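As structure tokens, the structure follows; a few thoughts come after it.
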Amino acid sequence: MIPTTHHGSWKGDNRLWFEGPAPERADGRFDVGANTIRYAWSFRGDPQKGTLDLFGPASSARAEWKDSWHAANGMTLHGVVTDGVLLLYGTYGAGDGPDWGWRIELDARDPEFFTMRMFNVEPSGKIAPAVDLRASRA
């Protein structure tokens, strides 16, 4: 599902929006294959890692996602490839209130970069950035 032009190792700047308007920054890495993406980053010096396993055709993609900080128990997301960007979406429970949404975008349009963006989606529909990891060849 990920184009062969983007298979391999990548590294770059990971930005995490956690507290306040300014993101926290750390080094990030990707190992990208056709249907699996492994990535690593850190939060205040504490190493983190994640995996996205991709299934299905571009018109009805599914991903199994695990991230040591964001989704330790895993999450299933569904989506589609649109204009070179894989858009994935899932929901998660947030206490006693309604479920929140989680969106992941994998962008392979630029042959010199691979980008992963993550967003929290409030029940009201408001979208807030969570992660932006833009990487170039390692």
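Values in this text are rule-based calculations from the coordinates and carry no lab data. Since the model is a prediction, treat every value here as computed from it, not as a measurement. Positions of Cβ are generated from backbone atoms using ideal geometry, with glycine treated the same way; all protein chains shown enter the neighbour counts.
Exposed loop sites, defined as GluC sites (Glu not before Pro) outside DSSP H, G, I, E and B with at most 15 other Cβ atoms within 10 Å, are absent from the longest region of the chain, namely 20-111. Distance between the pseudo-spin-label points of Thr51 and Thr5 (7 Å out from Cα toward the beta carbon): 2.9 nm.
Candidate values [x] 164; [y] 93; [z] 111 were compared with volume of the Cα convex hull per residue in Å³ computed on the shown model; the agreeing label is [z].
Which trypsin sites (Lys or Arg not before Pro) from the stretch 82-138 combine a DSSP loop assignment with at most 11 other Cβ atoms within 10 Å? Don't skip to the end; give the middle numbers.
Details: sites: Arg103, Arg109, Arg117, Lys126, Arg134, Arg137; in loops: Arg109, Lys126.
Loop-located and lightly packed - Lys126.
The length gained on full extension between His78 and Tyr92, counted as 0.36 nm times the residue separation minus their Cα-Cα distance, comes to 3.7 nm. When the chymotrypsin sites (Phe, Trp or Tyr not before Pro) in the stretch 3-67 are filtered for DSSP coil states and for at most 15 other beta-carbon atoms within 10 Å of their beta-carbon, the remaining sites are Phe18. Taking 0.36 nm per residue of separation and subtracting the current Cα-Cα distance, fully stretching the chain between Ala71 and Ile127 would add 18.3 nm.
Shown in residue order for the stretch 102-115 are the 3J(HN,Hα) couplings computed by the Karplus curve 6.51 cos²θ - 1.76 cosθ + 1.60 at θ = phi - 60°: 9, 10, 10, 10, 10, 10, 10, 6, 8, x, 9, 9, 10, 10 Hz (x for Gly and Pro).
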